[in-house]
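Each value in this text was obtained by applying a stated rule to the coordinates, not by laboratory testing. Note that the coordinates shown come from a computational prediction; the quantities given were computed from them, not determined experimentally. Neighbour counts are summed over all protein chains in view; Cβ atoms, including those assigned to glycine, are modelled from backbone coordinates with ideal geometry.
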Amino acid sequence: MWEYTDKVKEYFLHPKNIGEIEGPDAVGEVGSIVCGDALKLYLKIDKGTGKIVDAKFQTFGCASAIASSSALTELIKGKTLDEALKVTNQDIAEFLGGLPREKMHCSVMGQEALEAAIANYRGRPIAVKEEGRVVCKCFDVTEEKIRRVAMENHLTTVDEITDYTKAGGGCGECRPEIEAILRDIWALKKPEKPAVPKKLTNLQKIALIQEIIETEIRPGLQADGGDIELIDIDGNKVIVALRGMCMGCLMADVTVKGIQDKLKELVGEEIIVEAQ
Amino acid sequence: MMKCYFDHVATNPLDTRVLDAMMPYLKDDFGNPLSIYEPGSKAKEAIENARGQVASLINSKPSEIIFTSSGAEANNFALRGIALARQNEGKHIIVSRMEHHSILNSARFLEKMGFAVTFLPVDKHGMVDPDVVKKSITKETTLISIIHASSEIGTIEPIEEISEIAKEKKIIFHTDAVAAAGNIPINIKELGADLLSMAAHQFYGPKGAGALYVREGLRIVPLIYGGIQENGRRAGTENVPAIVGMGKAAELAKEEMNARIEHVRTLRDRLIKGVSSVENIYLTGHPDNRLPGHASFCVEFIEGEAMLLLLAAKGIYAASGSACSSKALKASPVLLAMGIPSGLAQGSIVFTLGKDNSGDDIEYLIAEFPQVIKRLREISPYAKGWGIKGEGGECIVQK
């Protein structure tokens, strides 16, 4: 079972502010029953001061979704709308003493419901769905959302994105795309591997090929139960041996071609890869 | 607070009589069954005795039982062992979408190795149609594996009919009987399967002991290579206490089978009747043809993990196939395969009863469960009919 903090358990077993508000000033809806969690947030706002005087919620979802929704209402009550908008998903998770990594999307859902409610109050279109291209079709997650959540939570891996947004957690088809988005985001901050100098010495070339095989190629093969061994480098000819599940695999030729393409891209067009 | 354990498909408590039988082999009788001196032969004797007890549970010969570490190992062994042993005759295997992960993932492994795998559909009760099995057979088919009884929905599959079809076409037939063995009568002669998997902790034996029945004369490639244990088909020094425990548990299961079935079936029927007054609750799996202690439901408008944890807070332990209760955050593939909408599958809850449950346990559950549902429906926005818009919509969870 999940390891929930005592605070999560308390807010799940005895949630505060459940239910509807009669004649609410703002309503925010996010999620859907099909995706496993949904939240409807109701706000009562004092017109004069712009403060949230009451907040209630209805949630369909697991223990952490219910606790996160309840925590959200506690966090925003008494705040002005502008103050409330500064509440982030980390604040919700922190309020609960942390959430299991895989359940962070519950805190993100809270933050989104709040944004939707305030947009609703301010008369902007109820942007339940964020604008932009849908990357994860299983859970209907847009590129916009992936970028925002990644930046705000300093996420660098696809698995982390799945934990926070569910994107990539269904059929998994969009995982390469998420990876590309992440590379794009963090390329702004973290330089990618140093650009290859125009003319490599033989020693540099060998070292570079070794490094690329170790860091870029092997992990992917190993994830599928296969492996690769660098046998020799003869001029521009790279000789490798496929191991593990790759041995005798019908897709071995495709794999070798893929490795060649990668080395051509990162080392030089002249590289040829041969399997032993 | 009352404590009611209703998760017997997860595991069973160890019967004290089984523990008593195991104790000597955890303490004084520590010999290695391969050693030729007295402590060794004593351990060897204990294993062979257990083999006889397990064989007797399913009416096989003792030599047809291979001990493994678990039901999952037995399933891996059967699928990979037969597929590889017969790969020169063909490279196609058939499994159903009801299977346990140890079958599905073994099948996917074989797929990567170049085998073709057919994943059979099921009807709304989770039943595999023998005609569909027949139609899926190709010249290349060497192995069919269909679960005997589903741990998630309790449905018992038409194993005898499917094994007839397999026999006719000279295809090897395996059944994963982990949830069934020790809980319902199994006579391998009537069932007709060539291989059958079992796990001791599903019938009050210890964890860490399983067995694969392999019909006499059937060739199988080992999963674990090494010494000559289990006739060279499963290497590794035997887990003597666990095997002794499995034997004793099998003996007790056989002796007490009818009484246990009668007991849990009566309780289960009371449970199903007791919660049927709740609105929008659906029994999953086959209404009659199901494991005697198995009651599984989908409860509309609420989510399984929340139900599970609220019940646990009241000392009631159950299981769920909802997305949020699994680490992978995917709704149960079994429920989806039956055509249950993914929104409804989120409200999955499974109660599995055992011989030690009492009528009081059931009364307690019948009193508390509707309260839990009511509580969560008060929290849920869907209970009052708020946009079930997403239902059947775009949120496609992986097959």
FRET efficiency for residue B:48 and residue B:317, Cβ-Cβ distance as r, R0 = 35 Å, nearest 0.05? 0.40
Give me the three principal axis extents of chain A from the C-alpha atoms, as integers in angstrom, largest value leading. 77, 39, 29
By the Cα gyration tensor axes a ≥ b ≥ c (a/c under 1.5 gives rounded; else a/b larger than b/c gives prolate, otherwise oblate), the shape of the protein assembly as shown is oblate
What are the ³J(HN,Hα) values, in whole Hz, obtained from phi via the Karplus relation 6.51 cos²θ - 1.76 cosθ + 1.60 with θ = phi - 60°, for each residue of segment B:112-125 in sequence order, with x given for Gly and Pro? 5, 7, x, 7, 9, 10, 9, 9, 6, x, 9, 8, 5, 9
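Under the rule a/c < 1.5 gives rounded, and otherwise a/b versus b/c splits prolate from oblate, where does segment B:65-158 land using the Cα gyration tensor?
The shape class here is oblate.
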So who's got an amide H within less than 5 Å of the one on residue A:171, skipping anything under 5 residues away but keeping other chains? H placed 1.01 Å off N, in plane. A:138, B:398
Fluctuation leader among B:368, B:161, B:38 - chain B, Gaussian network, Cα springs under 10 angstrom: B:38
Find how much the distance from residue B:101 to residue B:134 grows on full extension, using 0.36 nm per residue of separation minus their present alpha carbon separation; answer in nm with one decimal. 9.5 nm
Could you please state, rounded to a whole Å, how far the C-alpha centre of segment B:103-150 is from the C-alpha centre of segment A:1-57? 45 Å
Given points 7 Å out from each Cα along the Cα-Cβ axis, report the residue B:20 to residue A:183 separation in nanometres with one decimal. 6.7 nm
Residue A:257-residue B:189 pseudo-label distance in nm [points 7 Å out on the Cα-to-Cβ vector]: 5.8 nm
Taking θ = phi - 60°, what integer Hz values does the Karplus form 6.51 cos²θ - 1.76 cosθ + 1.60 yield along segment A:94-107, in sequence order, with x for Gly and Pro? 5, 4, 8, x, x, 10, x, 3, 5, 10, 4, 4, 5, 6
Starting from the Cα-Cα distance between residue B:61 and residue B:108, subtract it from 0.36 nm times their residue separation and give me the gain in nm to one decimal. 13.7 nm
Assuming 0.36 nm per residue, please report the length gained on full extension of the stretch residue B:289 to residue B:170 beyond their Cα-Cα distance. 40.0 nm
Let me make sure I get this right: for segment A:68-165, a, b and c are the square roots of the gyration tensor eigenvalues over alpha carbons, sorted descending. Under 1.5 in a/c it's rounded, otherwise prolate if a/b > b/c, else oblate. Which is it? oblate
Here, residue A:206 and residue A:222, labelled 7 Å along Cα→Cβ, have an inter-label distance in nm of 2.3 nm
On a straight-distance basis, which lysines could pair with residue B:112 in a cross-link, Cα separation under 19 angstrom, same-chain partners fewer than 8 positions away excluded? A:257, B:91, B:399
If you take each beta carbon of peptide A:25-33 and count the beta carbons of other chains within 10 angstrom, what is the mean? 4
For segment A:24-125, run through the trypsin sites (Lys or Arg not before Pro) and keep only the ones in DSSP coil with at most 14 other Cβ atoms within 10 Å of their Cβ. A:47, A:86, A:122
Could you list which residues have their amide H under 5 Å from that of residue A:238, counting only those 5 or more apart in sequence or on another chain, with H placed in the peptide plane? A:272, A:273, A:274
Counting each DSSP H run of 4 or more residues in the protein assembly as shown as -39500 (n - 2.57), what helix-only mean residue ellipticity at 222 nm follows after dividing by all residues, to the nearest 500 deg cm²/dmol? -12500 deg cm²/dmol
So what are the ³J(HN,Hα) numbers for segment B:136-147, from phi and the Karplus equation (6.51, -1.76, 1.60; θ = phi - 60°), rounded to whole Hz, Gly and Pro as x? 7, 6, 10, 4, 8, 5, 10, 8, 10, 10, 10, 5
